[in-house]
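Asks: Dumping the structure here so I can ask a few things about it.
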Amino acid sequence: MTKVGLPSSMMETEYPNSLSEAASLDRFIFKGKHCDITAVLRSDTLLVTFDNLASIDERPTDGPWKPWLADRAQALDFSILGMQSHQKDWYRTPEPAEQIKTLQKHGFFDQFRNILFVGASMGGFAALCFAGLVPGARVLAFSPQSTLNRKIAPFERRYPWPHRKFDWETPAYLDAADHVGAIDGGHIFYDPRVREDALHAQRLQAPALQQVRIPFADHTLIRTIAKCGALEQLIKQLAETGTLDTAFWREMRARRADPLWAKLFLRAAAARGDGPLARRACDMMSDTYGYPFARRIRKRMIAAARAEAAERQDRGNPAPPWIDGLSETEIRQRIPVFVNSYNQLTYLRDTVNWFAKHGFENLCVLDNQSTFPDLQKYFDSEDFKSKARLVALDDNLGPRRSLAVAAEDPTTDGGFIFTDPDLALPGPPAPDMVTRMFEMGLRHDYVKVGLALSIDPAIIDIDRVTYNTRTVQQVENKYWKNAVEAGVFKATTDTTFFLYVPRASDNRRFNDYGTRQARIPSIRIGQEGFIAIHRPWLHKDQIDPAEERFYFDNTDGHSTFVVAQKAARAGSK
């Protein structure tokens, strides 16, 4: 690297005819059929950048084009290799991978001590696909996609034109999730509140990659980081050390000054209802930064709270007296919780531990004559006895009749929680989970308020038969469609996790609504901190095969899922 350290203006740009020739040059532009490469070498730290939708839109009509992040690389005195696709094609031609492989073969990357592949969105997809081609390289991906193939990622519908226009069938580099395991280290930044970005991030897990969540930054998260003045610090840290230290997070405190972040944050605060913290946040944003939308959000929030209070008064639906004035912690300590149990040790133990971890102290397990020896040992253990009490039912009643037994207890008249054990409950749950469930049931006039069940195809086998001959997708999709407010859906709940929300003005008890659980008015909450996972639907659940086999062999018609699975297996023979 004979010219490293010279100002860019003193370097002569060369236009090599081949990449084998380019590999020995300090400054070049290589013209490809689908993807150009622009290189400027300054030091032994190299940024390999990939243009994205926004950078392509900002290009002049005629080239050569400045690589994405070129100015920042120059400010940091870093070398840069800009991968510049001619179109918004997500680098879905064979050319980019072959170009990188050729440069690697001819020793281009050997001259650098630090190499960081960087991309956002479309460019993030490419960075994750190709970083593993260069040993020792790390990656920094902002809001990346894993693929636009809708069979692999059916949740991704934001980019219909490139999905139709370009090749999303050829296997090579079709799915970045197949290649992240080859990367030596790096970070993926995304906003967990952007559904598609969060689902892609779940698919892009690898031991060497760290996932960094920046809520309220939206898909254009990198712009929030840049507006905070933290982007150059971030690139420098990750390129030179591969670690993220506190200096970055100190600079990210300035995100309040980003109007996009502030608006998304305040809208989320307002969606949780009128309260002193939400009002204070609006006031601070208005007074400090002069955001007019902060004042508007505050006014709408207060007006909505007044309307809800008036509506509740008109309906005569006050909250149960016993929760009046109690904190969330106190409600969790007092509210009766019942867990149905039958021959499932791992599921039940995990559920009991979840309730204990999150402060629920009035926990009762209703066991339906289980015969699994290891479960019986667990019931006798101090670990179980310190967290819950056991009620051994006289027969295998099944979940619905067990629920009826639980609801006979007069202490349940003020509200109670009932759940099956085979759920991965929210981790962590919303900090005001039970308080909000009571509030939503009263506000929308529903007796049962449940948790939504995830149908994320990255973790859930949505094609698995779950009821009669119907798949998870066929059964569950409809429960995410009929919204009564943002993230809250009119949807039946059976014995899956729900809160019974009584009315102080109504003398009926829970069992007075009847045993047909699907007919009791109910809603499910699909907001952050309220989404559970039905573990039998997972692509792969960590449960002992012997335990699972014992459960299947000893379960009768009380489990519609087991009945459907047995029928499906019999039909496939």
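Asks: Note down the nm distance, to one decimal, between modelled labels 7 Å out along Cα→Cβ at Gln202 and at Leu53.
Replies: Reported label-point gap for Gln202 and Leu53 is 2.2 nm.
Asks: Rounded to the nearest 0.05, what FRET efficiency do Arg113 and Gln74 have when you use their Cβ-Cβ distance and R0 = 22 Å?
Replies: Calculated transfer efficiency: 0.75.
Asks: Take peptides 39-52, 288-301, 452-465 and line them up by average Cβ neighbours within 10 Å, highest first, as a rough protection proxy.
Replies: Most protected by this proxy first, the peptides run 39-52, 452-465, 288-301.
Asks: Check each of the trypsin sites (Lys or Arg not before Pro) in segment 45-130 and keep only those in coil by DSSP with at most 15 other C-beta atoms within 10 angstrom; list them in order.
Replies: Filter output for segment 45-130: Arg113.
Asks: Right, something else. For segment 129-141, what does the Karplus curve 6.51 cos²θ - 1.76 cosθ + 1.60, with θ = phi - 60°, yield as ³J(HN,Hα) per residue in whole Hz, taken in order and with x for Gly and Pro?
Replies: Per-residue couplings from phi come out as 5, 9, 4, x, 6, 10, x, x, 6, 10, 9, 10, 10 Hz.
Asks: Once you have the alpha carbon radius of gyration of segment 203-302, what is it after dividing by 2.2 N^0.38 Å, with N set to its residue count?
Replies: 1.26
Asks: Let me ask you something else. Show me the trypsin sites (Lys or Arg not before Pro) within segment 157-191 that DSSP assigns to loop and that have at most 12 other Cβ atoms within 10 Å of their Cβ.
Replies: Arg157
Asks: Over the Cα atoms of segment 8-256, what is the Rg over Rh ratio if Rh follows Kirkwood?
Replies: On the Cα set of segment 8-256, Rg over Rh gives 0.94.
Asks: Would segment 92-207 count as rounded, prolate or oblate if I go by the C-alpha gyration tensor, calling it rounded below 1.5 in a/c and otherwise prolate when a/b exceeds b/c, oblate otherwise?
Replies: Taking the square roots of the gyration eigenvalues as a ≥ b ≥ c, segment 92-207 is oblate.
Asks: Measure nothing fancy, just the Cα-based angle from helix 433-444's long axis to the longest principal axis of the chain, in degrees from 0 to 90, nearest 10.
Replies: Helix 433-444 sits at roughly 70 degrees to that axis.
Asks: Which percent, to the nearest 5, of DSSP beta bridges fully inside segment 39-176 are antiparallel?
Replies: Given both bridge residues lie in segment 39-176, the antiparallel proportion sits at roughly 10 percent.
Asks: If you don't mind, another one. DSSP beta bridges in the chain, what fraction antiparallel, as a percent rounded to 5?
Replies: Given both bridge residues lie in the chain, the antiparallel proportion sits at roughly 40 percent.
Asks: What list of ³J(HN,Hα) values in whole Hz, one per residue of segment 288-300 in order, does the Karplus curve 6.51 cos²θ - 1.76 cosθ + 1.60 (θ = phi - 60°) give from phi, with Gly and Pro shown as x?
Replies: So the J values, rounded to whole Hz, are 7, 10, x, 6, x, 5, 5, 5, 5, 4, 4, 5, 5.
Asks: Tell me, how many Å apart are the Cα centres for segment 412-440 and for segment 83-127?
Replies: 47 Å
Asks: What's the percent breakdown of Cα-Cα distances in the chain across 20 Å bins, shortest bin first?
Replies: In whole percents, the pair-distance histogram is 18, 42, 30, 9, 0.
No value in this document is a laboratory result; all are computed from the given coordinates. Computed from a predicted model, the values in this text were never measured in an experiment. We place every Cβ from the backbone using ideal geometry, glycine too, and count neighbours over all the protein chains shown.
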